[in-house]
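In what follows, a structure is listed as structure tokens, so that the remarks can point back to it.
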Amino acid sequence: MANLGYIGLGAMGSRMANRLLDKGHTVVGYNRTRSKAQWLIDRGMKWGDSPKAVAQAADVIFVMVTDSKALEGVSNGADGFLAGIGKGKVVVDMSTVSPAVSRAVAEKVREKGADMVDSPVSGSVATLDAGKLSVMVGGTRATFDRIKPILEDVGPKVTHVGDNGLALSLKIAHNLSLAVQMLAFSEGVLLAEKSGISRDVAVDVLTHSVIGSPMVQYRGPFVLKMPDEVWFDVNMMQKDMMLALEMGRRLDVPLPTTAVTNEFLTAARGMGLAKYDFAVMFKVLAQMSGVSS
């Protein structure tokens, strides 16, 4: 059993920390809002008062925060995890951030005699709860081999994709498809609905058809009723779409469906829907179609 730390206990991070507790690991955690982590403390998670305290207490430190700025925030400064790490420790960053920012933080980690990998995941709250999450890892092979058994306690498929930053590149490529698929699904539902087919029948048929990817199967029903707990809101998805568009420009890869879908996320923000799951793009398209959502 490993001595682990977890920084960032949001919807996904908290469930991953809980899963690691279930596997018998010792976990010390930190979250900006302690009250949101109280249920994990009640389950036996130890509390760290800062990212530094978590890094001091753990051998392998997981990080899952919202964006590049947040990663820099929890890593730097007197209370950042860089101030608490030492030789032999490993930072596993599961955030979806700029590959360049992640590489820069990894270099600072190595200056401390530790190592860092970027390790984003494929899946949602539902995938994690079902034990079907897949994990991508960018970093040295030696560190990957060392932490792979721990990562397999998070999800059953763990893949080393290359050097630092490359797992993040793959994650960004992955996430753009989620939003594009959701918009295409919304188009199909609305076309069927305006033809005279009830929305619930259209959703049922489409989610169980050949277009029913795992994401469409669990998120498609959100067009009928949005979840009480937001899994991945409009702002978070647009952050990833912007990372994708930036990569596309840099690598000379046109991303036409990404660009169009990004505009629907902007429209959702303009309609005051930024804090809803990104499936709320359906509502934007429905309003444009003259359909009550």
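Across the options Ala106, Gly24, Gly77, the greatest Cα extent toward the positive end of the charge dipole of the stretch 17-167 (unit charges at beta carbon of Lys, Arg, Asp, Glu) belongs to Gly24. Couplings 3J(HN,Hα) for the stretch 230-239, derived from phi with the Karplus relation 6.51 cos²θ - 1.76 cosθ + 1.60 (θ = phi - 60°), are 6, 7, 8, 7, 4, 4, 5, 5, 5, 4 Hz, where x marks Gly and Pro. Diffusion coefficient (Stokes-Einstein, Kirkwood radius over C-alpha pairs, 4 °C, 1.567 mPa s) for the stretch 1-87: 104 µm²/s, rounded to a whole number.
Charge dipole (Cα centre; +1 on Lys/Arg Cβ, -1 on Asp/Glu Cβ; no other charges) of the chain amounts to roughly 420 debye. For the pair the stretch 46-63 and the stretch 246-291, the centres of their Cα atoms are 36 angstrom apart.
Taking θ as phi - 60° and the Karplus parameters 6.51, -1.76 and 1.60, the scalar couplings of the stretch 54-71 work out to 5, 5, 5, 7, 10, 8, 10, 10, 8, 10, 9, 10, 6, 7, 4, 4, 5, 4 Hz in sequence order, x denoting glycine and proline.
Across all directions, the average flat footprint of the convex hull enclosing the Cα atoms of the stretch 70-211 is 10.4 nm².
Quick one: work out Rg over Rh on the C-alpha atoms of the stretch 168-293, Rh as Kirkwood radius. Across the stretch 168-293, the Cα-based Rg/Rh ratio is 0.97. Computed from the C-beta positions of Ser198 and Arg146, the FRET efficiency with R₀ = 45 Å rounds to 0.25.
In plain terms, the chain from Ala173 to Arg34 could stretch by 46.8 nm, reckoned as 0.36 nm per residue minus the Cα-Cα distance. Note on Met288 and Lys108: the model spin-label points, each 7 Å out from Cα along the C-beta direction, lie 4.0 nm apart.
Which cross-chain or sequence-distant (5 or more) residues have an amide H under 5 Å from the amide H of Val97, H modelled 1.01 Å from N in plane? Distant-sequence amide H within range of Val97: zero hits. For the stretch 198-293, a simple Cβ point-charge model (Lys and Arg +1, Asp and Glu -1, everything else neutral) yields a dipole of about 160 debye relative to the Cα centre. Along the axis of the charge dipole computed for the chain (Cβ charges of +1 for Lys and Arg, -1 for Asp and Glu, origin at the Cα centre), the listed residues Leu168, Thr266, Ser35 are led at the positive end by Ser35. Amide H contacts of Tyr6: Val28, Gly29, Tyr30, Phe62, each under 5 Å away and 5 or more positions distant or on a separate chain (H built 1.01 Å from N in the peptide plane; Pro and chain starts excluded).
The value for the stretch 48-122 of Rg(Cα) / (2.2 N^0.38 Å) is 0.96.
Every Cα-Cα pair of the chain was included, and the share exceeding 33 Å stands at 26 percent. Taking a ≥ b ≥ c as the square roots of the Cα gyration tensor eigenvalues, the stretch 1-151 comes out rounded, since a/c falls below 1.5. Measuring r between the beta carbons of His208 and Glu263 and using R0 = 22 Å, the FRET efficiency lands at 0.15. Each of Glu187 and Ala130 was given a label point 7 Å from its Cα along the Cα-to-Cβ line. The distance between the two points is 2.6 nm.
Remark: the stretch 179-192, residue by residue, has Karplus-estimated 3J(HN,Hα) of 5, 4, 4, 5, 5, 4, 4, 4, 4, x, 4, 5, 4, 5 Hz, where x stands for each Gly or Pro and the curve is 6.51 cos²θ - 1.76 cosθ + 1.60 at θ = phi - 60°.
Beta-bridge orientation, the stretch 10-158: approximately 20 percent antiparallel, per DSSP, counting only bridges with both partners inside. Short-range pairs are left out: with C-alpha atoms under 8 Å and at least six residues apart, the relative contact order of the chain is 13 percent. Basic side chains Lys and Arg get +1 at the Cβ, acidic Asp and Glu get -1 at the Cβ, and with that the dipole of the stretch 103-164 about its Cα centre reaches some 80 debye.
Segment Met1..Ile41, full-extension length gain: 12.5 nm, with 0.36 nm per residue of separation and the alpha-carbon distance subtracted. Within the chain, what percent of beta bridges assigned by DSSP are antiparallel, to the nearest 5? In the chain, approximately 15 percent of DSSP beta bridges are antiparallel ones. With kT/(6 pi eta Rh) evaluated at 10 °C and eta = 1.306 mPa s, and Rh the Kirkwood radius from Cα pairs, the stretch 45-86 diffuses with a coefficient of 155 µm²/s according to Stokes-Einstein.
Readers should treat all values here as calculations from the given coordinates under stated rules, not as data from a laboratory. Just so it is clear, the structure is predicted and the values come from calculations on it, not from any experiment. Here Cβ is always computed from backbone atoms with ideal geometry, including for glycine, and neighbour counts include all displayed protein chains.
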